[in-house]
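The values are calculated or read from the model by the stated rules, or taken from the named source; none is laboratory data. Please read these numbers as outputs of a predicted model, since none were measured by experiment. What goes into the accessible areas is simple: the full protein's heavy atoms, side chains included, and nothing from ligands, DNA or RNA. Shrake-Rupley method; radii C 1.70, N 1.55, O 1.52, S 1.80 Å.
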Amino acid sequence: MDSNYLILIVVLIAVALALVASVIALLKALKALEKSRGERIESIAKRTVENYMLLNYNQKIRNMVHEELVREQQKKEGPISEVVKPAETVVNAPKEEEKPVEVVPTQEPETEKAPVEISLPEPVTLYTGICKDGAFKHVTTVPDSKTIYTIYADSKEAVTGILNVDQSAYDKIAQTPDYLQNACVYSGNGTQLKVTKTGTVQKENGTWVVKEPIVAEFN
């Protein structure tokens, strides 16, 4: 036989043996794995059963202790049911006649009436100029360059007033005494004017008319 052919046969036999050995090793490994898994499952099941039995045992112990405590408590408190005494009947005493309550009418406090405000007339001062024909044509509520006299009245609606010379016009009158004509009677010579008596005026048809002239003198 050819040597190559022999070598090939030897190699094939070696490979076959190696395969057989591998298969045997795999089967052993599977068997060992299955056995190990079975033991693990059995161990878990056994542990679960033991835990369940332990829980039941503990529960029984607790129940026994509870029942014993209940019995001891019942011995101390005595029987639950007691004889109930009949309720005593109470005889109601006759009620006294209720007297009607007298209602005293409450007197409302008198409200204080607010004092009636009386509006007093406000006095006014008017300013006027030269008197012509016994009357004043130019009358204002504030002094101006034409002011010579003042008219003092009790209110805006007054029809009578007091006539006097405006002090701011004294210098003007000292230079020109003619400003006093028809409204003031004056005497003396000098530059100092002194009013000795005020005059009076009256409103007629909306115009202030001189009724009594002013009396003054120059010193």
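Students sometimes get this wrong: rank Tyr152, Tyr186 by accessible area, probe 1.4 Å, all chains present, largest first.
Descending order: Tyr152, Tyr186.
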Legend entry - Members of Lys146/Lys172; Lys172/Lys194; Lys132/Lys156 lying beyond 18 Å, as alpha-carbon distances in this model show: Lys132/Lys156
Inset, instruction - Report, by chain and number, residues whose modeled amide H sits under 5 Å from the one on Asp166, excluding near sequence neighbours (fewer than 5 apart, same chain). - result: Tyr149, Thr150
